[in-house]
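Just below is one structure, and these are the notes that go with it.
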Amino acid sequence: MKRIFGSALVISATLGAGPAFSKDKITMWFWGASPAYQQALDEALTKPFNASQDQYELVIEYRTSVDNDVRTSVMAGQGPDLVYTSGPSDVTPLAKAGKLAPMEDYAKKYGWSERLLRPVLDTCQQIGHLYCLPPSVMADGMYYNQAVLAENGWDVPKNKDDLEKIMKAAQEKGMYASVTGNSGWQPINENYASIFLNQIVGPKYIYELLTGKEDWSSPEMNAAIKELDRWYKAGYLGGKDYFSLNFDSSIALLQQKRSPFFFAPSFSYQWAVNYFKDDSADDLGFAAFPNMNSSQPYPIYSIGSAFTYSINANSQVKDGAAMVLDMMMSKKFATDIAKVWPGYWSIPLNDFPNDPTATGITKSYYDAMADITAAVKQGHFGYKIVAFFPPATKDVFIQDLESVWLSKETPEEMLEKAGKAFEKESRRGLVPQVTAPTF
């Protein structure tokens, strides 16, 4: 009798509440972020999205091998609804193979073209369509420890000569000239190739390269790679520890006053929060890389995107996936995620928000984003290799650059390889759309 009565109550309650519908799942893969960062993304994106409507449920899966998993599954016609890649150049092969859904209709619907910085969004304009969104504008620059500079009477350098004087003085004091390294992630090499190309040959020249109007093996290009090689051999890039340091250990050394500088993209704030705190919370500064060519304006930021998201061509919930992307591209998400995870999710908004309550590292991050956004809007930007160079060309500036540093290859040989790779990829239509600088 009790069982029948209990069942009747359940039936009555269910009928009274109306029919129950399950939500359609939207799957999204991401790299194996720490538990704290997973929780931050859950609070800033997953929960708000799922609570915002009753049709879709966003489910994020964290994978340490996300890059390989994406390539394998998506090329096989499977994989998640929202497709992660480690930069726009990794989108190109998937788009070329027809595995990603064009998104220009969604861009028009949600106003992404008006909301986002055009030079960053253009990295996703490939093979005639918009195939991704860049949830993170990153800009190469110079982190510095303000306490180290003050204690040694050094000013923040704005040109090459002043920078080298400080680095040499730091070495004489037993410090690193700068801290950086590629341990565990060889593509770190690209950051320094990007800096030197944009600083020495200049963004206008790189624009001409990417539109097929300039020579990859020119004297100007050779000069840039030779100067970068000189820097590496002078120990200016982490010294003998370049291959054993990574960004996390480099930030730790910077906080410990073992170096005045750390040359890296702006997304590195995500590591700084673990070290620059308490008494050192206000010590970290970020500035554009010092001018290496007096014929160019200062500042110039070489920009790109740390990662991208696309919509799987085989997804059954494309509209829902676009809704998730639209929430990512919002001021609210940008500020919510920055409270715990500054730097990585730097949404390329034309009107980047500010949080007046921010302190320490987060305040430094907002200051940096204000400077970067202003420079890009003025046309004072360059081109990060990982974002604007097609895949095989990009790899030359990662793998062969290392061979140059180790004296296994000459700059001339490296640039000849780059030119041949670009020519092949250009013929195949693998070069993304490029916005010209306006200075």
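Values for this structure:
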read-out: When residues of region 304-323 are limited to those that are among the hydrophobic types (A, V, I, L, M, F, W, C) and in contact with a helix residue (DSSP H, G or I) (Cβ under 6 Å, 6 or more places away or on another chain), the one nearest to Lys160 (Cα to Cα); value: Ala306
read-out: Number of positions in region 288-323 that are assigned to a helix (DSSP H, G or I) and in contact with a Phe, Trp or Tyr (Cβ under 6 Å, 6 or more places away or on another chain); value: 2
read-out: Filter pass, Phe247 being aromatic (Phe, Trp, Tyr) and within 26 Å of Thr85 (Cα to Cα); value: yes
read-out: Helices (runs of 4 or more DSSP H) fully within region 333-408 counting 2 or more residues that are touching a strand residue (DSSP E or B) at 6+ places or on another chain (Cβ under 8 Å); value: 360-377, 385-388
read-out: Asn182 vs. criteria assigned to a loop (DSSP other than H, G, I, E, B), in contact (Cβ under 8 Å) with a residue 24 or more places away in the chain and surrounded by 22 or more Cβ atoms within 10 Å (Cβ to Cβ); value: yes
read-out: Any hit, region 120-136, residues being under 25 Å from Phe276 (Cα atoms) and either touching a Gly at 6+ places or on another chain (Cβ under 9 Å) or aromatic (Phe, Trp, Tyr) (or both); value: yes
read-out: Which listed residue, of Ala252, Ala234, Ala224, is of a type in the set (Gly, Ala, Ser) and either in contact with a helix residue (DSSP H, G or I) (Cβ under 7 Å, 6 or more places away or on another chain) or modelled with pLDDT under 95 (or both); value: Ala224
read-out: Sole exception among (1) closer than 22 Å to Tyr344 by Cα; (2) of a type in the set (A, V, I, L, M, F, W, C); (3) part of a helix (DSSP H, G or I) for Phe276, by number; value: (3)
read-out: Restricting region 131-150 to residues that are in a helix (DSSP H, G or I) and in contact (Cβ under 8 Å) with a residue 60 or more places away in the chain, the residue that is surrounded by the most Cβ atoms within 10 Å (Cβ to Cβ); value: Val148
read-out: Hits in region 72-130 (condition: aliphatic (A, V, I, L, M), surrounded by 20 or more Cβ atoms within 10 Å (Cβ to Cβ) and either more than 27 Å from Glu190 (Cα to Cα) or over 21 Å from the mean Cα position of the chain (by Cα) (or both)); value: Val74, Ala101, Met103, Ala107
read-out: Candidate set from region 193-225 (those that are in a helix (DSSP H, G or I) and of a type in the set (Ser, Thr, Tyr)); member that is farthest from Arg427 (Cα to Cα); value: Ser194
read-out: Residue match in region 225-246 (condition: touching a strand residue (DSSP E or B) at 6+ places or on another chain (Cβ under 7 Å) and in contact (Cβ under 8 Å) with a residue 12 or more places away in the chain); value: no
read-out: Check on Pro157, closer than 30 Å to Gln256 by Cα, at pLDDT below 95 and not aliphatic (A, V, I, L, M); value: no
read-out: Among the residues listed as Ile398, Ile347, the single one being under 20 Å from Gly304 (Cβ atoms) and touching an Asp or Glu at 6+ places or on another chain (Cβ under 9 Å); value: Ile398
read-out: Region 114-161 - residue that is touching a Leu at 6+ places or on another chain (Cβ under 7 Å) and among the hydroxyl-bearing types (Ser, Thr, Tyr) and, of those, farthest from Ala97 (Cα to Cα); value: Tyr143
read-out: Subset of region 32-71 (residues that are surrounded by fewer than 16 Cβ atoms within 10 Å (Cβ to Cβ), touching a residue at least 60 places away in the same chain (Cβ under 8 Å) and in contact with a Lys or Arg (Cβ under 8 Å, 6 or more places away or on another chain)); value: Gln55
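The values are calculated or read from the model by the stated rules, or taken from the named source; none is laboratory data. Computed from a predicted model, the values in this text were never measured in an experiment. Cβ: placed from backbone, ideal geometry, glycine included. Neighbour counts: every protein chain shown.
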